[in-house]
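Quick notes on the structure that follows.
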Amino acid sequence: MKQLLPSGLIATLFFYCVFISDLQAQWRTNGIGARAAGMANAAVTLQDEWATFNNIGGLAWNTQASLLSAYDNRFQAAGFHTVATGIAAPVYGGAWASATFSRFGDNLFNETIGALGISHKIANYSLGLRANYVQINMEGLGMRNLFAFELGGVGQLTRQLWIGAHIFNFTQARLADFQDERLPTVMKAGLSYRPNERLMINAEGEKDAEMPARAKVGVEYRLIEKLAIRTGIATQPNTGSFGLSLYFRQLEAGYAVSTHPQLLPSHHVALRYHLSKQKTAKKAWDE
């Protein structure tokens, strides 16, 4: 019997239908960086340098320009890896800007995002906007290029309580005319309780317009000045995570592992380098 479709294309279609359509939504909106991964991606309230990936609204709380680099491998599977890099720095008027690049996948399927972000803080509240140029390439099915925008904010309600919110693709960018396929629109909101300089407890809800709502809880504890440990749990699916970071002057090195009820664990590593020496010590949650 004559084969109607190339075997590579059949494999691609199966791979996309079963795994990628859900995972690509998750990797865009789940945190990038070992800190977020170690806290089950309960990261919407964090105002560190990694906010440029996770909630652009939190970026303006920073005090030092930084270089960022991250890598993760989902479920120890070939092709399920993400590489990301970026820079965040202050600009005119007290605002912060960032430029980032990230890529998920392999030659069979890949998604590349180049993004520019801006964040500004007034008093105890900050807002940010990020523009993403998204390129999606699937072997045998061609390439798609489109823009997606995201908006986020972080606020300090009291000395110990913080709030954050974020929406990805609020413009509902269209991926294809067929069945009006669009990039996922994902909303997140959460609270962060920080009773002292060592402990942080985050709770967050996430809703994809076409997926069940997720709940996430993450904890970070600063054991000593140069070591922070983290853990977290999330639903839909039920996952757990653990991670740590080591601090060496201007450099932070982080690692996290996250579990899945049916698949192998995922591994995440990240590096952050401050471009200038810090004159005053930050609090643990600002690292």
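The values are calculated or read from the model by the stated rules, or taken from the named source; none is laboratory data. The structure displayed is predicted, hence computed values, not measured ones. Reconstructed Cβ throughout: ideal geometry from the backbone, glycine too, with neighbour counts over all protein chains shown. Just the protein is used for accessible areas: all its heavy atoms, side chains included, with ligands, DNA and RNA removed. Shrake-Rupley method; radii C 1.70, N 1.55, O 1.52, S 1.80 Å.
So here's what we get for this one:
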| quantity | calculated |
| --- | --- |
| Filtered residues of the stretch 207-227 (kept if modelled with pLDDT under 95 and either over 22 Å from Gln47 (Cβ atoms) or within 19 Å of the chain's Cα centre (by Cα) (or both)) | Lys207, Asp208, Ala209, Glu210, Met211, Pro212, Ala213, Arg214, Ile224 |
| Residue count, the stretch 139-161 (criterion: in contact with a Gly (Cβ under 9 Å, 6 or more places away or on another chain) and assigned to a strand (DSSP E or B)) | 6 |
| Test: residue in the stretch 190-211 that is basic (Lys, Arg) and closer than 30 Å to Val134 by Cα | yes |
| Some residue of the stretch 227-237 being surrounded by fewer than 15 Cβ atoms within 10 Å (Cβ to Cβ) and touching a Phe, Trp or Tyr at 6+ places or on another chain (Cβ under 8 Å) | yes |
| Test: residue in the stretch 20-39 that is farther than 14 Å from His268 by Cα and not in a helix (DSSP H, G or I) | no |
| When residues of the stretch 73-118 are limited to those that are of a type in the set (A, V, I, L, M, F, W, C) and open to solvent by 50 Å² or more (accessible area, probe 1.4 Å), the one modelled with the lowest pLDDT | Ala78 |
